[in-house]
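Here is the structure we will look at.
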Amino acid sequence: MLELAEKQPGYLGRESSRTADGRDVTLVYYADEQSLKAWRDSPDHRHAQRLGRERWYASYEVRIARVERSYRFETPG
């Protein structure tokens, strides 16, 4: 599904990690709400969601959030 997300207009990037209890967490960023809604309504995305529910996932959670600011610090070197 991530390959589909990357092809969607307005796609900005993603971050993925696994929690200590083994859950996968993926954040996908879009430029604006219109791009996000287009992704939500994409027939390919809907199909992938359906397959995920039928074949792989007993449950999942989706959260929609707006990033107002983001900061990063990295030690040089």
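State yes or no: is Trp39 touching a residue at least 24 places away in the same chain (Cβ under 8 Å) and aromatic (Phe, Trp, Tyr)? So Trp39 fits the description; yes. Selection over the range 24-42 of residues that are of a type outside the set (A, V, I, L, M) and over 26 Å from Ala58 (Cα atoms) gives a count of 5.
Taking the listed residues Ser70, Ser35, Ser59, the one that is more than 20 Å from Met1 (Cα to Cα) and hydroxyl-bearing (Ser, Thr, Tyr) is Ser70, with no other qualifying.
Since every read-out is calculated from the coordinates, none of them should be taken as a lab result. All of these numbers come straight from a predicted model, not from anything done at the bench. A quick note on method: Cβ atoms are made from the backbone with ideal geometry, for glycine too, and the neighbour counts reach across all protein chains shown.
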